[in-house]
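The values are calculated or read from the model by the stated rules, or taken from the named source; none is laboratory data. Keep in mind the model is a prediction, meaning the values are calculated, not measured. Ideal geometry is used to build each Cβ from the backbone, glycine not excepted, and the neighbour counts take in all protein chains shown. To get the accessible areas, we keep the full protein, side chains included, count just its heavy atoms, and leave off ligands, DNA and RNA. Shrake-Rupley method; radii C 1.70, N 1.55, O 1.52, S 1.80 Å.
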Amino acid sequence: MIQSKRMMAEIFAALSLSVAAAHAADEREAAAKTLVSASLPVWLAQADAFTADVTAIQTATERSAHGLASTLPETCDVARMNRDLCGVKLVRIPSLSMAPGLLEKDTVAVLQKDFGAVRRGDVLVHNAKYQGAASLGITRVIGMPGDTVEIRAGDALVNGKPFAREVTGETYGDDIFSAAVVRETTPEGRNYTIAMPDPRPQTQADNFGPVTVPTGKYFVMGDNRYNSLDSRFPDMFNEDGFVAQSDVVGVAASVLAANDHARIGLTLR
């Protein structure tokens, strides 16, 4: 009898947690729609992708809100979204240095807090200096504090271990510039796509290091590997080539709007 009561109590507790989790998820979805519904047409216009097709707008709104909701903090609800956007910062991608995953004029949701610890593979939004000029940088974390990073023949190695790469068969670019879309996987198993031209140009981006990442800093690279000013160019990027933790504005969470509607809702973390 005692064992039966204990089992019933455990089942009830599990059901209660499940209901609470479902309620929290619904709250985040509602909060995300509160932000996206009012702003998506403007974001699409900024991405040169505005449409008067009501069905297309509805579909894009659902995709954008769902992708955002899946990355929002558990404390996010409609009230908090109206109060402080649940800590989200809206950023428009200024260049093609993060192609093919993030393209110029995309609108991206950036978590300024509640994202926990920075992890390898995260897309950081950070304060940066490019050839001495202050700007907002958007780059991907390759090396964590204490790591030894080197680039050999364009491939990244961390602590002597190469990142795995797989050609997707897709291409990115146009008649002037074309690159293979390659899926890169970190030693921890996180993956994302990068752009790698073939043949690869012989530049400083091909062979660099090894360097040890200082405490409190990150080694970063753009996904468009031959069209990015990043940690491989310490004389032109942040004076020492690294991104300081104190300069991190937030972590990119999801694509809210893009010229290609199929990319809307893409999660980045």
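The residues of segment 202-223 that are modelled with pLDDT of 95 or more and either acidic (Asp, Glu) or part of a strand (DSSP E or B) (or both), listed by number, are PRO210, VAL211, THR212, LYS217, TYR218, PHE219, VAL220, MET221, ASP223.
The residue that is nearest to MET144 (Cα to Cα), counting only those in segment 168-178 that are of a type outside the set (Ser, Thr, Tyr) and open to solvent by 90 Å² or more (accessible area, probe 1.4 Å), is GLU170. Within the set ARG165, ARG232, the sole residue that is surrounded by 14 or more Cβ atoms within 10 Å (Cβ to Cβ) and over 22 Å from HIS126 (Cα atoms) turns out to be ARG165.
The lone criterion from (1) in a loop (DSSP other than H, G, I, E, B); (2) under 30 Å from LEU40 (Cβ atoms) left unmet by LEU229 is number (2).
Taking the condition open to solvent by less than 50 Å² (accessible area, probe 1.4 Å), within 21 Å of LEU268 (Cα to Cα), in contact (Cβ under 8 Å) with a residue 24 or more places away in the chain and not small (Gly, Ala, Ser), does THR185 pass? Judged against the criteria, THR185 is not a match. Residues of segment 79-108 that are of a type in the set (D, E, K, R), part of a helix (DSSP H, G or I) and open to solvent by 30 Å² or more (accessible area, probe 1.4 Å): ARG83, ASP84.
Just one of the listed residues (GLY209, GLY216) is open to solvent by less than 70 Å² (accessible area, probe 1.4 Å), small (Gly, Ala, Ser), under 17 Å from ASN127 (Cα atoms) and in contact (Cβ under 8 Å) with a residue 24 or more places away in the chain, namely GLY216. What are the residues in segment 125-159 that are at pLDDT 95 or above and assigned to a loop (DSSP other than H, G, I, E, B), if any? Those that are at pLDDT 95 or above and assigned to a loop (DSSP other than H, G, I, E, B): MET144, PRO145, GLY146, ASP147, ASN159.
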